[in-house]
1. Got a sec? Which of D173, D160 is out of contact with any Lys or Arg (no Cβ under 6 Å at 6 or more places or on another chain), in a helix (DSSP H, G or I) and of a type in the set (D, E, K, R)?
2. Could you identify the single residue in R231, R163, R172 that is in contact with a Phe, Trp or Tyr (Cβ under 9 Å, 6 or more places away or on another chain) and basic (K, R)?
3. I need a count of the residues in region 212-230 that are farther than 17 Å from Q278 by Cβ and crowded, with 18+ Cβ neighbours inside 10 Å.
4. Cβ-Cβ distance below 7 Å, separation of 6 or more or different chains: which pairs start in region 78-107 with a residue that is aliphatic (A, V, I, L, M) and end on one that is assigned to a helix (DSSP H, G or I)?
5. Determine whether region 247-257 contains at least one residue that is closer than 27 Å to T297 by Cβ, surrounded by 12 or more Cβ atoms within 10 Å (Cβ to Cβ) and either modelled with pLDDT under 95 or not aliphatic (A, V, I, L, M) (or both).
6. For a quick check of your reading of the model, give me the residue pairs whose first member lies in region 261-274 and is without any contact (Cβ under 8 Å) to a residue 40 or more places away in the chain, whose second is outside any strand (DSSP E or B) and among the small types (G, A, S), with beta-carbon atoms closer than 7 Å and at least 6 apart or on different chains.
7. Give region 179-216 a look and list any residue that's more than 22 Å from F286 (Cβ to Cβ), more than 14 Å from the chain's Cα centre (by Cα), not in a loop (DSSP other than H, G, I, E, B) and not assigned by TED's automatic domain parsing to the domain that holds S288, or say none.
Amino acid sequence: MTSKTGRCNRCGRRAAATVALLVLAAMGKAMAGPGPMEVPVGGACIGRFLVNALPVPAAQPLYIHAAKRITTRHGVGRADFQQLLAARESELRQARHRDGGTLWVGSTRLDETAVVQTSWLSDSSRAGQLQELYVHDPAQRVLFLVSAQTDAARLPAAIDNLRALRPRIHYRDAATLPTGPGFCIGSGFIRGARLNTEELTVALQVPGHAGAGASLMSRVVGRPDRGLLQRAGVLPAGTVRLRAGKHSVDGLAGEELLVRSDTDDGPEYRFLWEFQGQPESLQRPFLSLQLGTQTATAFSSDEEALQVWDQLLDSLRARPGAD
């Protein structure tokens, strides 16, 4: 775990450099989603946690598991799957490498619905390679793309690693909560609870409030960062602090900073809660929940904004049996 925690420490230091209020200021327009919706009973499963909100369909979430980025594509039939593989291979074969040849390295079929395609990371790469594992579920018309990087000399080990990962990835109905250990990735699920560099950033819809949006972030850390309130500093002019201080959620001793900015168009709300995490823990990683408004009519008053926030924040909890 030495190299993995090293990467997590770097993630933490980069996050520490981000001023909390700048994060809050970027929330509103990026995260606003549609209006009323139905959240699955028990909440939506995101990573190893549950929350009473749904991911924004149009926003591409970030899911990282074992240092591999995983994305999901819907509406992919059998023919589409084969065409996608052929198109990607053709693209890489046509891309030229500066040392001669192309970016294409080769393909490894793991089974009838899983293929690894390997290419050079760039036209100047001499060691770094990209592995793209395509896992197709034809019955559900869902495709999972797992992207990993390694050195060319370690290609056989990288393929073996993806071969071991492949049977742990499968489709998951978003309305059904998993019961065993694992990591929810939208329409997918990765079984297991082995410590790794898990990370996610997911935009969320706020039920019943079309002018507001939220986001959930999580990552395994090697060393916790300074607390939110230590980093917040002085509020900008025109910003009112509605609430700030410690706020424990599901046994996690976090901190929150809730502010309102009074603009010519009306009030803008920026709410942020963080738990800095415990070293090398899937159960207690770094967690951040944010809420922001895009329109002045998102909430009728400070009291309503705080009530919605408390309901959203207090719904955040670890999924039973996730690890």
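1. On the way: D173 fails: in a helix (DSSP H, G or I).
Matching residue, one of D173, D160: D160.
2. On inspection, the qualifying residue turns out to be R172.
3. From region 212-230, those farther than 17 Å from Q278 by Cβ are 212-216, 229-230; that's our starting set.
Next cut, crowded, with 18+ Cβ neighbours inside 10 Å only: 212-216.
The qualifying residues number 5.
4. Correct list of pairs: L103/L92.
5. Restricting attention to region 247-257, the residues satisfying the condition of being closer than 27 Å to T297 by Cβ are 247, 256-257.
Pick out the ones that are also surrounded by 12 or more Cβ atoms within 10 Å (Cβ to Cβ) and you get 247, 256-257.
From what is left, the residues that are either modelled with pLDDT under 95 or not aliphatic (A, V, I, L, M) (or both) are 247, 256.
Yes, there is a match, as at least one residue in region 247-257 is closer than 27 Å to T297 by Cβ, surrounded by 12 or more Cβ atoms within 10 Å (Cβ to Cβ) and either modelled with pLDDT under 95 or not aliphatic (A, V, I, L, M) (or both).
6. Listed by first residue and then by second, the contacts come to S261/G238; D262/G238; D265/A296; G266/A296; P267/A296.
7. R191
Condition check ((1) closer than 14 Å to R243 by Cα; (2) surrounded by fewer than 21 Cβ atoms within 10 Å (Cβ to Cβ)) across all residues:
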{"position": "P279", "(1), (2)": "no, yes"}
{"position": "F299", "(1), (2)": "no, no"}
{"position": "Q307", "(1), (2)": "yes, yes"}
{"position": "D310", "(1), (2)": "yes, yes"}
{"position": "R317", "(1), (2)": "no, yes"}
{"position": "A322", "(1), (2)": "no, no"}
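The values are calculated or read from the model by the stated rules, or taken from the named source; none is laboratory data. Computed from a prediction, not measured in an experiment: that's the story for all the values here. Every residue, glycine as well, gets a Cβ built from its backbone with ideal geometry; the counts of neighbours run over all protein chains shown.
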